[in-house]
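Engineer: The structure's right below; bear with me while I get my questions together.
The values are calculated or read from the model by the stated rules, or taken from the named source; none is laboratory data. Remember, predicted model here, so these are calculated numbers, not experimental data. Note that each Cβ is placed from the backbone with ideal geometry, even for glycine, and that neighbours are counted across all protein chains shown.
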Amino acid sequence: MAQIGPSPLTDAGTLITWDRAYVALVTASLGLHAFLFRRLYRSDPGWVKPGGGPGVEEGMPRHKCPHCGAYPPERSRHDFNTGQCVAKFDHFCPLIATSVGDLNHSLFWFYCAFQAFLIAWAWTVALDAVIPCLYGSRPETAACWLLVAAALGLVPLFNFFAGLALLHGYLAASGRTSFEICKGAKVEYLKPYYDSYKGPAQFGLTAKGLGSLLRELRKGNAPPAPYSLGAAENLNMFFFGKKPHLYKRTHCVQAAV
Ligand SMILES: [Zn+2]
């Protein structure tokens, strides 16, 4: 008697459908997002242990931190939010409740870029649902307005994370940190470079400060970046270099990038 119903091959074919693959992709993406957040939240930004570290290493003098007693390498800063010195301190991020420094800066960049990608993806999904809803038979339902609110609300969120990814991508490529751009001539090791720099003494990470930075970059008057080794080498160090790295100043006074 002949078998009635789908063959095993057909069963396998119907098991993997586009819809199921899409759901699996969304689930995997959200899982990766949660994993990145947890990893970042628990990450070591490059803590310099109190009382640890030699006073002099590789001929570079180190100064004792008056707040925690550590001997941090150059480009470090004592972070008052966490009470410890951080190697190549960038900033304290309230979103992940930890400092961003030499060891987790590349992970922070990847998190921002992935977050921007997920938001852009969610925006296209929301827009796909908004248009038929608004132009359908019942456009004034609460669900429709919720979708409109989601589509509108995702735009500033995308701008925020995409802006962070762009800014930190620029910092990585140019061998700078947020702290160095923000404080400029107030940073002790940058002061000699800013003395001969014909531009603002500091920029700040506000809209006004970033606008000012963009204007200077357009004029070819980039702020000092004494640790820059060129964009390719800076990016190589940022993503693949062994950390914490002992950064050394180059002889150039003006930025290389
Ligand atoms: Zn300290």
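Engineer: Has the stretch 148-163 got at least one residue that is crowded, with 20+ Cβ neighbours inside 10 Å and within 13 Å of the chain's Cα centre (by Cα)?
Structural biologist: For the stretch 148-163, residues crowded, with 20+ Cβ neighbours inside 10 Å and within 13 Å of the chain's Cα centre (by Cα): present.
Engineer: Name the single residue, out of those in the stretch 92-147 being touching a Cys at 6+ places or on another chain (Cβ under 9 Å) and part of a strand (DSSP E or B), that is surrounded by the most Cβ atoms within 10 Å (Cβ to Cβ).
Structural biologist: Filtering the stretch 92-147 for residues that are touching a Cys at 6+ places or on another chain (Cβ under 9 Å) and part of a strand (DSSP E or B), the one surrounded by the most Cβ atoms within 10 Å (Cβ to Cβ) comes out as V100.
Engineer: Any idea which of (1) touching a Phe, Trp or Tyr at 6+ places or on another chain (Cβ under 7 Å); (2) within 16 Å of the ligand (Cβ to nearest atom) is the one F92 doesn't satisfy?
Structural biologist: It fails just one condition, (1).
Engineer: Go through (1) out of contact with any Gly (no Cβ under 7 Å at 6 or more places or on another chain); (2) closer than 23 Å to L190 by Cα; (3) modelled with pLDDT of 95 or more for A116 and report which single condition fails.
Structural biologist: So the condition that A116 fails would be (2).
Engineer: Being in contact with a Cys (Cβ under 9 Å, 6 or more places away or on another chain) and within 24 Å of F238 (Cβ to Cβ) is the filter here, so list the residues in the stretch 74-89 that pass it.
Structural biologist: The answer is S76, R77, H78, D79, Q84, C85.
Engineer: So E74 fits all but one of (1) away from the ligand (no atom under 16 Å from the Cβ); (2) within 24 Å of A172 (Cα to Cα); what number is the exception?
Structural biologist: The failed condition is (1).
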